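The values are calculated or read from the model by the stated rules, or taken from the named source; none is laboratory data. This structure is a prediction, so every number in the text was calculated from the model and none was measured. Cβ placement follows ideal geometry from the backbone for every residue including glycine, while neighbour counts extend to all protein chains displayed. With ligands, DNA and RNA removed, areas are computed over all heavy atoms of the protein, side chains included. Shrake-Rupley method; radii C 1.70, N 1.55, O 1.52, S 1.80 Å.
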Amino acid sequence: QVQLVESGGGLVQAGGSLRLSCAASGRTFSSVAMGWLRQAPGKEREFVAVISRSGTSTYYADSVKGRFTISRDNAKNTVHLQMNSLKPEDTAVYYCAASQTIVLPTTPDRYRYWGQGTQVTVSS
């Protein structure tokens, strides 16, 4: 079991930055890949970024590549998403999620544990 709690969302102007954090509880944090996904109003939930169990591998959606950076600290059971050069189209509820799959998961259905989400709003 992994319980996840996100924080760090808010309102920011286009071009600004935000850093999302996710705190995980449970003793199995280092055994799961961690991802960030988002859902905008009226749209399906979509993949944003994922990091491997050890933190040595990452993968990003094309829409955020070069602007967002995912990282994790297994000693502190935390994962972060640094978001730079934010655009209005980044506006969404951002979810932290954990996956036990071997291959880095890039679709929502591959994630087993989810946080409650944090709102990110980017104004133009």
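Screening R38 with (1) open to solvent by 30 Å² or more (accessible area, probe 1.4 Å); (2) basic (K, R); (3) under 15 Å from W114 (Cα atoms) gives one miss only, at (1). Tell me, please, whether a residue that is touching a residue at least 60 places away in the same chain (Cβ under 8 Å) and over 18 Å from W114 (Cα atoms) can be found in the range 44-53. No - not one qualifying residue is present in the range 44-53.
Look through the range 107-124, keep the residues that are part of a strand (DSSP E or B) and open to solvent by less than 60 Å² (accessible area, probe 1.4 Å), and return whichever of them is nearest to F29 (Cα to Cα). Write out each step before concluding.
Start the filter on the range 107-124 by keeping residues that are part of a strand (DSSP E or B), which leaves 113-114, 118-123.
Narrowing the set further to residues that are open to solvent by less than 60 Å² (accessible area, probe 1.4 Å) leaves 113, 118, 120-123.
Values: Y113: 11, T118: 20, V120: 25, T121: 29, V122: 31, S123: 34 Å.
That would be Y113.
Evaluate the range 8-21: report whether one residue or more is among the basic types (K, R) and either in a loop (DSSP other than H, G, I, E, B) or open to solvent by less than 10 Å² (accessible area, probe 1.4 Å) (or both). Quick ask: steps written out before the conclusion?
As a first pass, look at the range 8-21 and keep what is among the basic types (K, R): 19.
Still in the running and either in a loop (DSSP other than H, G, I, E, B) or open to solvent by less than 10 Å² (accessible area, probe 1.4 Å) (or both): none.
Among the residues of the range 8-21, not one is among the basic types (K, R) and either in a loop (DSSP other than H, G, I, E, B) or open to solvent by less than 10 Å² (accessible area, probe 1.4 Å) (or both), which makes the answer no.
Please find, within the range 22-32, the residue that is nearest to the chain's Cα centre (by Cα) out of those that are assigned to a strand (DSSP E or B) and not aliphatic (A, V, I, L, M). Of everything passing the filter in the range 22-32, C22 is nearest to the chain's Cα centre (by Cα).
Hey, among L86, L104, which residue is open to solvent by less than 60 Å² (accessible area, probe 1.4 Å) and over 16 Å from G9 (Cα atoms)?
L104
Here are some residues: V50, V64, V32. Which one is surrounded by 19 or more Cβ atoms within 10 Å (Cβ to Cβ), touching a Gly at 6+ places or on another chain (Cβ under 7 Å) and under 17 Å from P105 (Cβ atoms)? Break it down stepwise before answering.
Working: V64 fails: touching a Gly at 6+ places or on another chain (Cβ under 7 Å); V32 fails: touching a Gly at 6+ places or on another chain (Cβ under 7 Å).
Of the residues listed, the single one that is surrounded by 19 or more Cβ atoms within 10 Å (Cβ to Cβ), touching a Gly at 6+ places or on another chain (Cβ under 7 Å) and under 17 Å from P105 (Cβ atoms) is V50.
So how many residues does the range 88-103 have that are of a type in the set (A, V, I, L, M) and touching a residue at least 40 places away in the same chain (Cβ under 8 Å)?
4
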